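Below is one structure, written out as C-alpha cells, with a few remarks after it.
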Amino acid sequence: MADQTFPIGGTLDLTPPRIAKKTFLEWLLEWATTVDHKRLGLLYIVLAIVFLLVGGAEAILIRIQLAFPNNHFLAPDTFNRLFTMHGTTMVFLMGMPLVFGFANYIVPLQIGARDMAFPRLNALSFWLTAFGGLMLYYSFIGGSGLYGVGNAPDVTWWAYAPLTSRAFSPGHGVDYWALSLIITGIGTLGGAINIIATVISMRCKGMTLLRMPLFAWLMLVVSGLLLITITPLTAAQVMLTIDRYLGGHFFDTQAGGSAVVWMHFFWIFGHPEVYVLVFPAFAIANEVIPVFSRKPIFGYPAMVAASVGIAFISLGVWAHHMFTVGMTSVDNAFFVLSTELVGVPTGIKIFNWLATMWGGKIRFKTPMLFLTGFLFQFLIAGLTGIILSIAPFDWQLHNSYFVIAHFHYMLVGAIVFAVFGGLYYWYPKVTGRMMSEKLGKWHFWLMLIGFHVTFDTMHFVGLMGMPRSIYTYEADRGWAHLNMIISIGGFVQAIAVLIFAYNLFWSYYKGKEAGNDPWDAWTLEWSTASPPPVYNFAVEPEVRSRRPLWDIKHPEDPDWSYE
Amino acid sequence: MSATSLVPNQGGAAETWTLPSRGRIAMYSLIIGESAIFTIFVVAYIFYIGKSLYGPTPRQVLEIPVIATICLLSSSFTIWLSERALERNKIKAFGAFWALTLVLGVIFLVYTGIEWQDLIYHKGLTISTNLFGTTFYSLVGLHATHVVFGLIGLTTVLIFTLLGKVREEHSERIQVLALYWHFVDAVWVVVFTVVYILGR
C-alpha cells in the first residue's frame with residue numbers, strides 16, 4: 001500500500017493487517033451486521049442497481065406492449081401493475097437509495113470524518129429501506145389477502161383517491177404499497193437526520209461551511225429538504241391506511257371527504273421529491289466537472305445559494321401537477337409563477353457549470369462524457385418543464401406522453417446519466433481498480449443514442465395526443481411507427497445498461513490498478529487508500545481551503561491565498 | 001509512522017475548532033420532520049371542520065380537557081427544572097423533578113384514555129362514525145402516540161437514575177431527550193387550539 005502517489009503522509013496506519021480466511025457465513029454476517037458507512041453506502045448502491053434492473057425490466061415489458069397497435073402481449077391488469085411498480089420502484093427503491101448510497105460513502109470521506117454521526121441509525125435506515133422494497137415486491141405473491149383477488153398495486157405511483165379505496169381496490173395490493181412506503185419513509189427520515197448531523201457536527205478541523213466540498217453541501221440541502229418532504233407522504237399514507245383498515249373517511253367523498261386533498265398531500269411530497277432525486281446529480285456534477293475541466297468550480301457561493309434556493313422554491317410549486325383539477329385562476333397563476341421561478345437558480349447552476357468548463361483543459365474520460373450529456377439533457381428537461389408550467393399549455397398536454405417525455409428527460413437524461421458518471425468517477429476509490437474505458441465508451445454512446453431515440457420521439461407522440469398509462473391504441477391513430485421507434489430506443493438503453501453491469505464485474509477482477517488518486521482530484525476522499533481503510537484517516541485531516549489536495553500538490557500556489 | 005497533518009498547523013482558528021453537538025442537531029432535525037407530519041394532519045383537520053355529513057358534531061361530544069392540558073404543559077416546566085438540577089449536579093433533585101414529569105405525562109395519557117372511552121361507549125363516536133371522528137382520533141391519537149414514546153424515554157432515564165447511573169456528564173443527552181418532550185408539549189398547544197377551540 002505504501003506507494004509513491006500518496007499525497008499526504010500519515011493518513012494511513014501501515015501496520016500489516018492480520019489476514020484470516022473467512023468462511024462464506026462469516027462474510028455474510030459481517031455485511032449484514034455492518035455499521036461502517038462505506039459498506040452501508042455500497043449496500044445502498046447495490047440495492048439501487050438491483051432495483052434499477054428490475055424497474056428497467058418492467059419498462060421493457062411496457063414498451064413491448066406498446067410497440068404495436070392492438071397488442072395483447074400483456075394482460076390489461078398486468079400492464080397496470082407494471083407501470084405502477086415501475087414508477088414506485090424507480091422513485092423509492094432506485095432514486096432514494098442512490099442519494100443515501102452516495103452520501104454515505106462519500107460525505108464522511110470528503111469532510112475528513114471516520115464515520116457518519118450515528119452508525120447504528122445508519123444501518124437501521126438501510127435495512128428499513130431494503131425490507132420496505134422487499135415488502136412492495138412481496139405484493140406480487142401476497143397481495144390477494146382476505147378477498148381472494150388482487151395482486152401487486154395497480155393504482156399508478158401517485159395513487160389518486162378514490163381509486164385506492166377498498167371499494168375500488170379490493171385485496172391488499174394498495175396496502176402493501178402504502179405500508180412499504182411508510183417503512184422506506186422512516187428509513188429515509190433516519191438517513192436524512194444522519195447526514196445532517198454528520199455534515200454539521202463531524203467536519204474536520206478548518207473545514208468551515210464555505211470550505212466544504214459542494215457535494216457535501218448538496219447532500220446537506222437534500223437531507224434538509226427530505227425532512228419536510230418525505231414526512232407529508234408518510235402522513236398521507238397513514239391516512240390512507242386508516243381509511244382502508246379502520247373505515248376512516250379522509251378521502252371518502254361519500255362521507256364528506258375529499259379526493260383533491262389526497263392530490264395536494266401527495267404532490268406536496270411528490271414535487272420536492274423530484275428535486276430530492278436531482279440533487280445527487282447536481283452533487284456529482286459539482287465534483288466531476290471541475291476535476292475533468294482542470295479548473296476550480298466557478299461561482300462556489302452562488303452554487304450554494306442556488307441549491308438552497310431551489311430547495312426552498314420547490315416547496316411551493318406542487319399544484320402545477322393539478323392544473324386540470326379546476327383550481328381558481330389565482331391559484332393557477334401562483335403555481336405557474338412559482339414553478340417558473342425555479343428556472344432562475346437552476347439557470348445559475350447551468351451557467352456556472354458551463355463557466356467551469358469554459359477555457360478548461362477538458363479530459364473526456366467516461367465520467368466527463370456522462371456529465372456533459374447530463375448538462376445538455378438537463379437543460380432540455382428544464383425547458384420542457386417551463387413549457388409545461390404554463391397552465392393553458394398544460395391543459396392541452398396534461399397526462400399525455402409529452403409529460404412522460406419531460407420527466408423521463410429529467411430522471412434518465414439528467415439523473416441517471418449523472419449517476420453513471422459518478423459511479424465511473426468513484427469506482428476506483430471504492431474498489432481500487434479503474435472501470436474499463438472501452439466498455440465505458442460503448443455504454444455512454446449506446447445509452448446516449450438509445451435515450452434520444454426513445455425520449456425525443458416521446459415528445460412527438462405526446463403532442464399528437466397519446467395519453468399516458470393506456471394499455472393499447474388503435475392502428476388508425478398514427479402513433480404506431482413512433483411507438484415502435486420508442487421501444488427500439490428502450491432496447492438500446494437496456495443493452496447499454498447491461499454493458500455497464502458487465503463492466504462493474506469485469507473491472508472488479510480485471511481492471512487496471514487505480515492508485516489513490518487516479519483522476520488528480522482535489523477533495524479529501526482521494527487522500528486515503530483505495531479502497532479506503534475502515535478508519536478512513538489514521539490522522540484527522542486539517543484543511544485550509546476548498547481544495548485541500550491542490551494545496552498539498554502545489555505548495556507554491558495554494559488555494560487559500562485566493563479564497 | 002509520522003503524524004504529519006494535512007497542512008502545517010498555523011495556529012489560530014484550528015485550535016478552537018468546535019462544532020455543534022450531533023445529538024442536538026439530530027433532535028432538531030427529527031422535530032422538523034415530525035412538525036411536517038403534524039402539519040399535514042392539522043391541515044386535514046382544519047380543512048374538514050364542519051364537513052361531516054352526519055353527527056355527532058364536536059360541540060355535542062367534546063369537552064375541554066383542562067386538567068390534562070395543565071398537567072402536560074406544566075410537565076415542560078418540571079423537566080426544565082430537572083435539566084437545571086442535573087447541570088448543577090443535584091442528582092436527587094433531578095430524579096424528583098424527572099419523576100414528577102413522568103407522573104404528569106401519565107396523568108395526561110390516562111385522561112385521554114378516559115375521554116376516548118366516554119366518546120366511544122357513551123357518545124357513539126368512533127374513527128369510522130363520520131369525518132369528524134376520523135380526523136379527531138387520528139390527530140389526537142398521533143399526539144398521544146408521541147406522548148407514549150416520550151414516556152418510554154422518560155421511564156428509561158428514570159430507571160437509570162434509580163440505579164444511580166445518571167451523572168452530571170449525561171446532562172447533554174438528557175437535554176436532547178427533554179427537547180423531544182418540549183416538542184410534544186408544544187404540539188399539544190396547537191392540537192388543543194385546533195381541536196377544542198377552533199373546531200368546537
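What follows is calculated from the coordinates using simple rules that are stated; it is not laboratory data. Bear in mind the structure is a predicted one, so any value in this text is a computation, not a measurement. In this analysis, Cβ positions are derived from the backbone assuming ideal geometry, glycine residues included, and neighbour counts consider all displayed protein chains.
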remark   = Evaluated at 20 °C and 1.002 mPa s, the Stokes-Einstein D of segment B:88-200 based on the Kirkwood radius over Cα pairs, in µm²/s, stands at 136 µm²/s
ask   = Cross-link partners among lysines for B:Lys123, C-alpha distance below 28 Å, same-chain residues fewer than 8 apart left out?
value = B:Lys51
query = Which value in Å is the Kirkwood Rh of chain B over different Cα pairs?
reply = 19.3 Å
message = If you average the alpha carbon positions of segment A:20-46 and of segment A:391-405, how far apart do those two centres end up, in angstrom?
response = 46 Å
query = Over the Cα atoms of segment A:174-252, how large are the radius of gyration and the largest Cα-Cα distance (Dmax), in Å?
reply = 17.3, 57
query = Can you give the Kirkwood hydrodynamic radius of segment A:368-443 from its Cα pairs, in Å with one decimal?
reply = 13.9 Å
query = Ranked highest first by the average count of other Cβ atoms within 10 Å around their residues, in what order do A:446-459, A:272-285 fall?
reply = A:272-285, A:446-459
query = Under the definition of partner shielding as Cβ atoms of other protein chains within 10 Å of a residue Cβ, what is the mean value for peptide B:38-51?
reply = 4
note = Plugging the Cβ-Cβ distance of A:Leu337 and A:Asn399 into 1/(1 + (r/R0)^6) at R0 = 30 Å yields, to the nearest 0.05, a FRET efficiency of 0.85
task = Calculate the spin-label point distance for A:Ile141 paired with B:Gln60, positioning each point 7 Å from the Cα along the beta-carbon direction, and give it in nanometres.
result = 5.0 nm
ask   = Going through the DSSP H helices of chain A, which span 30 Å or more along their own axis at the Cα atoms while scoring at least 1.0 as a mean Kyte-Doolittle hydropathy?
value = A:37-67, A:173-201, A:214-246, A:259-293, A:366-389, A:480-510
ask   = Near A:Lys38, which lysines are there with a Cα under 21 Å away, not counting those fewer than 8 places off in the same chain?
value = A:Lys22, A:Lys429
Sorted by Cβ neighbour density within 10 Å, fewest at the top, the residues A:Phe140, A:Phe250 = A:Phe140, A:Phe250
query = Could you work out Rg/(2.2 N^0.38 Å) for segment A:263-391, with Rg from alpha carbons only?
reply = 1.17
request  = Sticking with the crude label model, points 7 Å out along Cα→Cβ, report the distance from B:Glu172 to A:Ala75 in nm, one decimal please.
outcome  = 6.0 nm
ask   = When ranked by the protection proxy of mean other Cβ atoms within 10 Å per residue, highest first, what sequence do the peptides A:228-238, B:49-59, B:181-191 form?
value = A:228-238, B:181-191, B:49-59
inquiry  = Using a 7 Å offset from Cα along Cα-Cβ at A:Gln254, what residues in segment A:147-187 end up with backbone N under 15 Å from the label point?
reply    = A:162-170
ask   = In Å, what is the Rg of the alpha-carbon atoms in the protein assembly as shown, and how long is Dmax?
value = 27.6, 85
note = Under the 7 Å Cα-to-Cβ spin-label approximation, B:Phe47 and A:Arg166 lie apart by a distance in nanometres of 2.3 nm
request  = May I ask for log10 I(q)/I(0) of segment A:423-516 at q = 0.16, 0.23, 0.24 Å⁻¹, from a Debye sum over the Cα atoms as equal point scatterers with solvent left out?
outcome  = -0.70, -1.04, -1.10
query = Can you give me the relative contact order of chain A as a percent, contacts being Cα pairs under 8 Å and 6 or more apart?
reply = 18 percent
ask   = Between B:Phe77 and A:Val325, what FRET efficiency comes out of the Förster formula 1/(1 + (r/R0)^6) with R0 = 56 Å and r the beta carbon distance, rounded to 0.05?
value = 0.75
